[in-house]
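One structure is given here, and the rest of the page talks about it.
Please treat every number below as a calculation from the coordinates, not as lab data. Everything quoted here is computed from the prediction, not taken from an experiment.
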Amino acid sequence: AKYLPGPDKSLAGKTLTVTLVDGNRGAEKRLDVIAGDGRGLNPGASTPIALILLFALLGGLILNLMPCVFPVLALKIQSFMHQSQEGKGSAKAHGFAYSGGVLASFWVLSLVIVILKKSNPGLTWGFQLQSPSFVLAMTFLLFIVGLNFFGLFEMGVSLTGAGQKVKKDGLGGSFMSGILATLVATPCAGPFLGPALASTFGMDVFPLFVSFSAMGLGLSLPYLILGVKPELLKFL
């Protein structure tokens, strides 16, 4: 079977003749099929939007426990403990600023997907792994990282302190911390998040933005709760 990069909706409902060829025996068989509109190619077309939003929210929340994000959680809790001493209003403002940074980052990610879908309507989750050029580039990158681990050369040492260079004071610092948390979360995909992300590729623009907003809300929810209820910090 030959992969087509996107469904041709102009053929929907028409009868097509398909020839199946057995490559081993050379046998052929002709079938008459009715073309669909491509909606069955993506789980987002048939999965209820409420379930997708629930998975997105839970997936974003569980991201806080992933090894990419969990170290940031402890540092941010320490920051909230300091801000709660300045007053409940200050902690709340920083909680909203942090959540704003997370949501803004997820909106940018959703905008990138919308732009990519405009050029290829049949785009699906993991599309980049279908590109030989991308796979070759990743293979080369991992080979270079392997040489780095063997000590042949040092690379990325200066990046280990990138978080220390982010502005920390004021609401702008909390906003940038939200962006940083989203950035370090991108390599991780915990439970519930995979199906939610895959489903977004079958959505229109508005549901897609809402789904990514739910993911961002899930990721920022612990900090948002601590900002509104800083007295909960005593349990941590």
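Express in nm, to one decimal, how much length is gained between residue 24 and residue 229 on full extension, taking 0.36 nm for each residue of separation and deducting their alpha carbon distance. Numbers along the way, then the final one.
On the way: separation 205, 0.36 × 205 = 73.80 nm, distance 6.77 nm.
Value of the extension gain: 67.0 nm.
What residues have an amide H closer than 5 Å to that of residue 229, excluding those fewer than 5 places away on the same chain, when H is modeled at 1.01 Å from N in the peptide plane?
Those lying under 5 Å, H to H, from residue 229: there are none.
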